[in-house]
Structures are given as C-alpha cells and as structure tokens.
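Single-structure report; data block below.
The values are calculated or read from the model by the stated rules, or taken from the named source; none is laboratory data. Note that this is a predicted model, so its numbers are computed, not measured. Here Cβ is always computed from backbone atoms with ideal geometry, including for glycine, and neighbour counts include all displayed protein chains.
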Amino acid sequence: MRHCVLDLVPESAYKQVTVKLVQKRSRKTGLPPGTLIHIGEHKAEAVKIALFNYAGARCEERVVTNLDELQPPADETVAWVNVGGVHNVDVLETIGKQFALHPLLLEDIANTDQRPKLDDYDTYFFLVMKMLSLTDRGEILVEQVSFVLGRNFVLSFQENGTDAFRSVRERLRGGKGRLRQNGSDYLLYALVDAIVDQYFAILEALGERIETLQEKVMADPKRDTLKDIHTLKRQLLFVRRAVWPLREATNSFSRTECPFLHESTKVFFRDVYDHVVQIVDTIETLREMVSSSLDIYLSSVSYRLNAVMRVLTVITTIFMPLSFIASIYGMNFEHMPELKWEWGYPLVLGLMGVVAAAMLIGFQRRKWL
C-alpha cells in the first residue's frame with residue numbers, strides 16, 4: 001500500500017513511520033489539462049479487471065482480459081467494473097473511450113493524491129474516496145478509490161486492487177438483500193458504505209492505542225512516549241485529511257437532482273452522511289485526546305523535574321549550616337578552646353545532628369517534603 005499510517009502494537013514497540021502527505025507532481029508541470037500521468041508509487045504488476053452483470057435473479061461474474069468487452073449495458077442490467085490498479089494509463093484511456101469519460105476525470109483517477117470529492121458530469125457522477133484498512137500486524141493502510149456512476153453502470157478504480165468489497169461481492173453472488181433488485185445508484189451506496197464502515201474499525205483501534213498511551217503518560221512518561229505522541233498526532237492529521245472532505249461529497253449525493261439517482265437511494269446516502277459526520281467528530285475527539293496527552297506528558301516531566309529539584313534543594317539547605325559549622329573548626333587559628341576539649345568533637349557532631357533534625361521537622365511541618 002502507499003502509506004503506512006500507524007502500527008498499533010502495544011506499548012512503544014510500534015515504529016515511527018514517515019507519511020507522505022503530498023505526492024510529487026513535478027512530472028505534470030507545463031503539461032496541458034487532461035494529460036494522463038500516474039502520480040503515486042510505481043508499480044510493475046498488471047491491472048486486474050473484474051466485471052459483474054446482474055438484474056434480478058440473474059448475476060454474471062467474470063475476469064476481463066480483453067478491454068473491448070467493456071461496454072455500457074445496452075439492456076436494463078447493471079454492470080459493475082472494478083479496476084485494480086491505476087498505474088497503467090493506457091488501460092485508463094481505453095476504458096475512458098469505451099464509457100465516454102471526460103479526460104479531466106481520467107486525469108484525477110491517475111492522480112492518487114486527490115482529496116475526496118464529488119463531480120457532476122451531467123450524464124454520470126465522479127466520486128473520489130480514501131479507503132483505510134487494517135492489516136494483521138495492526139498497520140493502517142490508505143488507498144484511493146474512484147467511482148463513476150452512470151445510469152446502469154458503476155466503475156470503481158482501486159489504487160492497489162485489494163479485496164475491499166468482499167461483502168458486496170458476496171451479496172451479489174448470493175442474491176441476498178435488495179442489491180440485485182435496485183439500480184446502479186444503490187450499488188454505489190453499497191460500495192461507499194463498505195468503505196465508510198472500515199473507518200469505524202480504524203478509529204476504534206486508534207482509540208484503544210490512545211487510551212493505552214494516556215495510561216503510560218500518567219504512570220511512567222519516557223522519551224519514547226513523546227515519539228509515540230508525535231506519531232499519533234501525525235497519523236490522526238492524515239486520517240482527518242482523508243475523511244474530512246467526504247462530508248461535503250456525501251451530503252451532495254443526498255441533495256442532487258439526477259434521473260438515475262432515485263429518492264429511495266438518497267435516504268441511504270443521508271445515512272452515510274450521518275456516519276461520516278460521526279466519524280469526523282470522533283477524529284476531532286481523538287485529536288484532542290492526543291493533544292491532552294502531550295500536555296500531560298509535559299506536566300509529568302515538569303513535575304518529576306520539580307520533585308528532583310526540591311529534594312536537591314532540601315539537601316543543600318540542610319547541609320549549608322552544617323558546612324558553616326564545619327568550616328569554623330577548619331580554620332587554622334591556634335587558640336580555639338574546643339579543639340583541646342575532650343568532648344568537643346562529639347559536641348560539634350551532636351550540634352550538627354540537632355540542626356539537621358530541626359530543619360527536617362520544619363520542612364515537614366510546612367509540607368515541603
């Protein structure tokens with residue numbers, strides 16, 4: 001995947017990862033609009049294309065090897081074309097010709113640094129989202145997904161072609177629910193809802209990690225704790241950047257006027273919008289928790305430093321009169337009566353002990369210790 005956002009291994013065992021918040025665009029400088037150039041990680045693997053055709057009880061699934069097979073359905077069936085990989089611009093250009101897609105739309109698909117958005121091209125809609133997933137090792141991975149919604153087709157372009165829509169595929173194969181009974185707009189809702197549901201799992205993992213971090217900050221803050229806090233702040237900033245603009249896009253879906261976007265489906269998109277708003281609120285709450293963890297860390301370090309300085313100050317204060325007494329009898333005067341007195345030495349030591357004890361009692365009564 002393109003970005004390794006967070007390793008959710010317990011304690012400070014997770015490593016700090018540098019996240020690229022901005023992709024390099026220098027190759028596009030000076031080129032005309034609509035020029036297809038892939039922006040993202042260079043990949044050598046082949047692009048995988050899967051096709052679903054369904055209508056009611058009928059559902060056909062196959063892997064596309066010849067791009068000429070991709071055509072908008074001529075009948076009332078719904079076609080879902082899932083493209084795994086956007087690094088091959090020739091494939092994107094061919095699909096664009098087959099479905100009459102705008103060059104600027106294809107350019108946005110090839111640019112994997114797009115912010116979530118919704119564009120209306122009259123005869124179809126274009127939606128860009130960021131998909132977050134959690135690996136077995138606890139790493140959060142980010143992938144850009146682009147959707148094109150037509151009257152009876154949905155095109156989905158995944159940056160890496162991961163199996164993120166397994167639940168949607170199973171529902172299509174099994175014929176369960178209302179997916180086969182509705183049009184392309186409901187299919188798009190199902191795909192978007194599958195991505196949004198993943199956000200909740202990611203935020204739950206982040207929340208657990210932040211709670212563990214706060215407990216460690218309160219109990220035993222160390223230098224590695226500060227690194228963990230910095231990493232979490234950076235990762236939450238990246239997650240917020242991936243999710244925040246999606247509010248506007250999903251809200252626009254529920255309000256737009258389009259002949260192939262039915263009112264019954266807009267209700268479901270309003271539900272997705274509510275989920276996105278809830279997710280954004282959760283992200284802000286987690287960011288505040290991380291910021292408070294940093295404040296607690298700084299306060300804890302300052303308190304520990306003050307405690308050490310207080311102990312050292314008490315020790316220094318106690319030894320000041322003792323050093324004064326010892327310095328008097330360290331002077332090289334010949335006539336000092338106590339030097340030849342038999343009980344002079346124990347008397348001076350006793351005096352020192354009494355002074356130290358009196359000072360300790362005074363500190364305790366003033367609650368300085």
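Just checking, which of Y297, Y303, Y189 is out of contact with any helix residue (DSSP H, G or I) (no Cβ under 9 Å at 6 or more places or on another chain) and not small (G, A, S)? Before you say what the answer is, go through the steps one by one.
On the way: Y297 fails: out of contact with any helix residue (DSSP H, G or I) (no Cβ under 9 Å at 6 or more places or on another chain); Y189 fails: out of contact with any helix residue (DSSP H, G or I) (no Cβ under 9 Å at 6 or more places or on another chain).
That would be Y303, the only listed residue that is out of contact with any helix residue (DSSP H, G or I) (no Cβ under 9 Å at 6 or more places or on another chain) and not small (G, A, S).
Listed conditions (1) surrounded by 20 or more Cβ atoms within 10 Å (Cβ to Cβ); (2) under 30 Å from L172 (Cβ atoms) are all met by L232, apart from (2).
Kindly check whether there is at least one residue in the stretch 165-177 that is in a loop (DSSP other than H, G, I, E, B), in contact with a helix residue (DSSP H, G or I) (Cβ under 7 Å, 6 or more places away or on another chain) and farther than 30 Å from L232 by Cα. Scanning the stretch 165-177, I find at least one residue that is in a loop (DSSP other than H, G, I, E, B), in contact with a helix residue (DSSP H, G or I) (Cβ under 7 Å, 6 or more places away or on another chain) and farther than 30 Å from L232 by Cα, so the answer is yes. Kindly indicate whether L261 is out of contact with any Gly (no Cβ under 6 Å at 6 or more places or on another chain) and farther than 18 Å from M129 by Cα. Yes, satisfied.
Exactly one residue among M359, M331 is aliphatic (A, V, I, L, M), surrounded by 12 or more Cβ atoms within 10 Å (Cβ to Cβ) and at negative phi, and that residue is M359. If you check P259, P221 for being in a loop (DSSP other than H, G, I, E, B), touching a helix residue (DSSP H, G or I) at 6+ places or on another chain (Cβ under 7 Å) and either surrounded by fewer than 22 Cβ atoms within 10 Å (Cβ to Cβ) or of a type in the set (K, R) (or both), only one passes: P221. Checking the condition surrounded by fewer than 18 Cβ atoms within 10 Å (Cβ to Cβ), modelled with pLDDT of 85 or more and in a helix (DSSP H, G or I), which residue from T250, T212, T265 passes? Going through T250, T212, T265 in turn, just one is surrounded by fewer than 18 Cβ atoms within 10 Å (Cβ to Cβ), modelled with pLDDT of 85 or more and in a helix (DSSP H, G or I): T212. Applying a threshold of 6 Å to beta carbon distances and a minimum spacing of six or more residues, or different chains, the list of pairs starting in the stretch 112-135 at a residue that is surrounded by fewer than 20 Cβ atoms within 10 Å (Cβ to Cβ) and ending at one that is part of a loop (DSSP other than H, G, I, E, B) reads D113/Q23; R115/P245; Y121/H102. Scanning the stretch 139-166 for residues that are of a type in the set (D, E) and either crowded, with 23+ Cβ neighbours inside 10 Å or more than 21 Å from A205 (Cα to Cα) (or both) yields a single hit, E159. Once the stretch 340-369 is narrowed to residues that are assigned to a loop (DSSP other than H, G, I, E, B) and farther than 18 Å from M320 by Cβ, the residue that is modelled with the highest pLDDT is W343. Candidates are the residues of the stretch 65-91 that are touching a residue at least 60 places away in the same chain (Cβ under 8 Å) and not in a loop (DSSP other than H, G, I, E, B); the one that is nearest to the chain's Cα centre (by Cα) is G84.
To keep it simple, each residue is scored yes or no on (1) surrounded by 13 or more Cβ atoms within 10 Å (Cβ to Cβ); (2) modelled with pLDDT of 80 or more; (3) assigned by TED's automatic domain parsing to the domain that holds I210; (4) of a type in the set (V, I, T).
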| site | (1), (2), (3), (4) |
| --- | --- |
| I283 | yes, yes, yes, yes |
| R287 | yes, yes, yes, no |
| S291 | yes, yes, yes, no |
| D295 | no, yes, yes, no |
| R310 | yes, no, no, no |
| V314 | yes, yes, no, yes |
| F319 | yes, yes, no, no |
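Quick one: in the stretch 101-135, of everything that is closer than 25 Å to V280 by Cα and part of a loop (DSSP other than H, G, I, E, B), which residue is modelled with the lowest pLDDT? Lay out the reasoning, then the answer.
Quick first cut of the stretch 101-135, residues closer than 25 Å to V280 by Cα only: 108-109, 111-120, 125-135.
Imposing the further condition that a residue be part of a loop (DSSP other than H, G, I, E, B) reduces the set to 112-116, 135.
Details: T112: 87, D113: 85, Q114: 87, R115: 88, P116: 91, T135: 72.
Selected residue: T135.
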